[in-house]
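A short write-up of the structure that comes next.
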Amino acid sequence: MSEPVSATELSRLKWRCRRGMLENDILIERFFQRFESQLTRQHMDGLQRLMDLADNDLLDLLLRRSEPAAELDCPAVAQTLALLRLKPDSSAPSAASADSAEPGCCAAAPGR
């Protein structure tokens, strides 16, 4: 299990997640409301990688119009994206349950 994110890191991450598209802002704000107290460094890594995307590309991932590819196809992004995609009325698993997949960042595996 990854260690938790500090209050300072969380504040910086929230600022970094501010987007230019209202739809993304709403989905990301909902994510923080539900999982902020449970976020780990792996979630933080996945979210930071997602924030490198253009707004339209991010929205396509959030709405399941596309799936992560290339350097985004890794456990950290997959776990974070799964939490971001949860509908408000679904029974919310803890962020820790999303950590059941293989830990680590999105560094490309040898031979990829």
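The values are calculated or read from the model by the stated rules, or taken from the named source; none is laboratory data. Everything numeric in this text was worked out from a predicted model, so none of it was measured. A quick note on method: Cβ atoms are made from the backbone with ideal geometry, for glycine too, and the neighbour counts reach across all protein chains shown. Keep in mind that these areas ignore ligands, DNA and RNA; they rest on the heavy atoms of the full protein, side chains included. Shrake-Rupley method; radii C 1.70, N 1.55, O 1.52, S 1.80 Å.
Can you tell me, using C-alpha contacts under 8 Å and at least 6 residues apart, the relative contact order of segment 1-58 as a whole percent? Computed over segment 1-58, the figure is 51 percent. Taking 7 Å steps out from each Cα toward its Cβ at Thr8 and Asp25 produces label points 2.8 nm apart.
Can you give me the accessible area per residue for segment 21-63, using a 1.4 Å probe, in Å²?
46 Å²
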